[in-house]
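**Q** Okay, handing you the structure first.
The values are calculated or read from the model by the stated rules, or taken from the named source; none is laboratory data. Predicted model only: the values in this text are computed from it and were never measured. Here the Cβ positions follow ideal geometry from the backbone for every residue, glycine too, while neighbour counts run over all protein chains shown. Remember, those area values only see protein heavy atoms, side chains included, never the ligands or the DNA or RNA. Shrake-Rupley method; radii C 1.70, N 1.55, O 1.52, S 1.80 Å.
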Amino acid sequence: MTTTQHRPVRLALLGCGTVGAEVVRLLHDQAADLAARVGAPLEIAGIAVRRAGRDRGGLPVDPALFTTDALGLVKRDDVDVVVEVVGGIEPARGWLVEALRAGKSVVTANKALLAEDGGTLHDAAAEGGADLFYEASVAGAIPLLRPLRESLHGDTITRVTGIVNGTTNFILSAMDATGAGFTEALDEATELGYAEADPTADVEGFDAAAKAAILASLAFHSRVTAADVHREGITEVTAADMASAQAMGCTIKLLCIASRGPDSTGADSVSVRVHPAMIPRSHPLASVGDAFNAVFVEAEAAGQLMFYGRGAGGAPTASAVLGDVVAVARNRLAGVRSASESSYAALPVRPMGEAVTRYHISLDVADRAGVLATVANVFASHGVSIATVRQASAPGGTPGGGDDAILVVVTHAAPDAALAATVEQLRTLDIVRSIASVLRVEGTG
Ligand code: NDP
Ligand code: HSE
């Protein structure tokens with residue numbers, strides 16, 4: 001193996017939990033290979049944690065390296081690279097801004113911070129002439145951000161569609177496979193250690209929305225934040241919705257969809273949304289099961305590209321972190337910096353009302369003459385064209401034989417605002433007892 005001549009590249013590791021502990025392990029187990037790849041050894045200068053005296057389960061690292069003074073560690077003169085795997089907005093933002101302004105390279109997995117205020121980090125990186133890498137922040141181990149920010153920079157990306165949250169994909173896959181309801185599937189995800197004790201960020205779509213903002217920013221050369229992303233979670237997806245999807249040859253996935261196109265005035269813009277959607281079983285994302293992630297990228301010259309792999313977990317995420325560490329360490333030795341943020345396009349974000357998609361609406365209606373015509377008229381009055389209508393018996397009843405029936409309406413593509421107005425008007429009708437569900441249908445051409 002080639003011996004290295006440079007002084008070690010010194011790392012400040014902020015966080016030593018699920019991801020940080022695996023970063024430590026990989027740095028130890030692969031030390032010789034990493035040194036050969038970088039051209040200098042990678043050394044841990046210190047590890048900032050919340051509880052310095054905590055038992056770290058035989059982690060191969062000197063206990064004297066642990067500290068609770070993260071900012072003090074970041075400021076040390078002997079630190080070249082700051083690796084942040086703590087998470088959250090503050091105090092992480094303060095540490096990273098301090099590091100970047102001082103010219104120290106930063107590697108972070110912090111999707112929440114990047115989606116909320118990535119601009120501040122990029123500005124600090126530009127000010128300090130430092131690298132800011134964050135491959136692990138979206139889709140764990142999958143090499144995705146570097147292809148977007150480097151390999152596809154000669155092309156025009158038009159759309160990114162992804163399953164970027166492993167917990168919700170596990171839950172929806174279980175509902176699809178077993179007919180379980182949401183709560184039952186969430187319990188299984190928790191028992192198997194996929195879902196966290198508080199699964200809100202995952203099941204309500206916040207985690208996927210943060211990742212969607214990061215993907216859209218890179219794909220469309222514009223600053224997109226989590227607040228720009230239309231977000232719906234999966235808590236209201238029922239076993240009946242899944243059965244209905246199956247009857248249509250579909251399954252339901254929590255999708256992140258970022259697309260570029262004209263807004264209502266014809267100006268170039270982006271649309272970014274996260275919501276559950278029915279997709280045909282023939283769609284490349286339909287077969288992504290368990291807690292896996294996959295991202296489908298469409299670009300003008302490249303065509304369709306698919307990225308697939310493990311989107312979470314200590315070791316897979318640490319793999320992405322270490323890839324970034326090697327890249328920024330090499331840059332430091334070469335005295336160079338990678339290309340800075342590309343946000344020149346500064347495209348505006350289209351309102352959700354302008355997003356065009358198909359819908360599956362399930363209505364509990366009175367089962368009598370003229371009801372179907374009245375319902376159809378409401379859709380027509382808002383310019384929403386119906387593709388199919390199916391009538392099923394309400395629970396406990398028979399079609400045509402009881403008071404209630406379930407109408408399942410699938411529309412052609414329509415703007416979200418038109419569908420929302422349709423649903424609002426349907427709710428006011430006496431003949432509509434309830435609207436059981438409204439789900440978008442994607443990927444049917
Ligand atoms: P954990 O909760 O497992 O670990 C967090 C670590 O940060 C712990 O070591 C904790 O210390 C330390 N910490 C918390 N607060 C402070 C503080 N104020 N000062 C110093 N240290 C602090 O988180 P994860 O490893 O799961 O996640 C880390 C980051 O990686 C997050 O941004 C997350 O979104 C991201 N990520 C995680 C993935 C995963 O699968 N887990 C996948 C992709 C990204 P102590 O050990 O003493 O409690
Ligand atoms: N909670 C996230 C998930 C972790 O389930 O995908 C990876 O970001």
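**Q** Using only the heavy atoms of the protein chains and a 1.4 Å probe, how would THR168, THR200, THR183 rank by accessible area, largest first?
**A** Ranking THR168, THR200, THR183 by accessible area, largest first, yields THR183, THR200, THR168.
**Q** Leaving ligands, DNA and RNA out of it, report the carbon-plus-sulfur percent of the accessible area of segment 145-310 at a 1.4 Å probe.
**A** Of all accessible area on segment 145-310, carbon and sulfur atoms account for 49 percent.
**Q** Order the following by accessible area, largest value first: PHE292, PHE379. Probe radius 1.4 Å; ligands, DNA and RNA are ignored.
**A** Most to least solvent-accessible, the answer reads PHE292, PHE379.
**Q** Which of the trypsin sites (Lys or Arg not before Pro) found in segment 242-346 are loop residues per DSSP with 10 or fewer other Cβ atoms within 10 Å of their Cβ?
**A** Sites meeting the loop and neighbour criteria: none at all.
**Q** At 222 nm, what value in deg cm²/dmol follows for the chain if DSSP H runs of at least 4 each add -39500 (n - 2.57) and the sum is divided by all its residues, to the nearest 500?
**A** Result for the chain: -10500 deg cm²/dmol, rounded to the nearest 500.
**Q** Which of ILE257, ILE163, ILE431 ends up with the largest GNM mean-square fluctuation for the chain, with Cα atoms connected below 10 Å?
**A** Per the Cα network of the chain with a 10 Å cutoff, ILE431 tops the list.
**Q** Suppose a student asked you for the relative contact order of segment 145-310, using Cα pairs under 8 Å spaced at least 6 residues apart; what percent would you report?
**A** Computed value for segment 145-310: 32 percent relative contact order.
**Q** In addition: How much solvent-accessible surface does HIS122 expose, in Å² to the nearest 10, with a 1.4 Å probe and all protein chains in place?
**A** 30
**Q** Students sometimes get this wrong: rank GLU98, GLU116, GLU300 by accessible area, probe 1.4 Å, all chains present, largest first.
**A** Accessible-area ranking of GLU98, GLU116, GLU300, largest first: GLU300, GLU116, GLU98.
**Q** Right, next: Sequence-distant or interchain residues sharing an amide H contact under 5 Å with VAL441, placed H: which?
**A** MET278, ARG358, TYR359, HIS360
**Q** How much length, in nm to one decimal, is gained on full extension between ASP78 and SER385, taken as 0.36 nm per residue of separation minus their Cα-Cα distance?
**A** Value of the extension gain: 104.0 nm.
**Q** Moving to a separate point now. In the Gaussian network model of the chain, springs joining C-alpha atoms below 10 Å, which of LEU13, LEU96, LEU59 carries the largest mean-square fluctuation?
**A** Looking only at LEU13, LEU96, LEU59, the biggest GNM fluctuation is shown by LEU59.
**Q** Using a 1.4 Å probe on the protein heavy atoms, what percent of the accessible area of segment 1-60 belongs to carbon and sulfur?
**A** Within segment 1-60, the accessible surface is 47 percent carbon and sulfur.
**Q** Between THR374 and SER151, what is the FRET efficiency for a Förster distance of 56 Å, r being their Cβ-Cβ separation, to the nearest 0.05?
**A** Result of the calculation: an efficiency of 0.55.
**Q** Now for a different question. Build a GNM of the chain with springs between Cα atoms under 10 Å: which of ALA418, ALA64, ALA31 gets the top mean-square fluctuation?
**A** Looking only at ALA418, ALA64, ALA31, the biggest GNM fluctuation is shown by ALA64.
**Q** For the chain, what are the DSSP H helices with axial Cα length of 27 Å or more and mean Kyte-Doolittle hydropathy of at least 0.0?
**A** 314-334
**Q** Same structure, new question: Which of rounded, prolate or oblate describes the chain when judged by the alpha-carbon gyration tensor and an a/c cut-off of 1.5?
**A** Note, shape of the chain comes out prolate.
**Q** Provide the solvent-accessible area of MET248, counting protein heavy atoms only and rolling a 1.4 Å probe, rounded to the nearest 10 Å².
**A** MET248 has an accessible surface of roughly 70 Å² with all protein chains in place.
**Q** What accessible surface, in Å², does a 1.4 Å probe find on TYR308, ignoring ligands, DNA and RNA and rounding to the nearest 10?
**A** Using a 1.4 Å probe on the heavy atoms, I get roughly 120 Å².
**Q** On a full-extension model of 0.36 nm per residue, what is the gain between ARG37 and ALA334, subtracting their alpha-carbon distance, rounded to one decimal in nm?
**A** 105.6 nm
**Q** Efficiency by 1/(1 + (r/R0)^6): what FRET value for THR178 and HIS412, r their Cβ-Cβ distance, R0 = 35 Å, to the nearest 0.05?
**A** According to the calculation, E is roughly 0.60.
**Q** Please report how far the C-alpha centroid of segment 96-145 lies from that of segment 180-223, rounded to the nearest whole angstrom.
**A** 21
**Q** Relative to the present Cα-Cα distance, how much length would full extension add between ALA301 and ASP69 at 0.36 nm per residue of separation?
**A** Computed gain between ALA301 and ASP69 is 78.6 nm.
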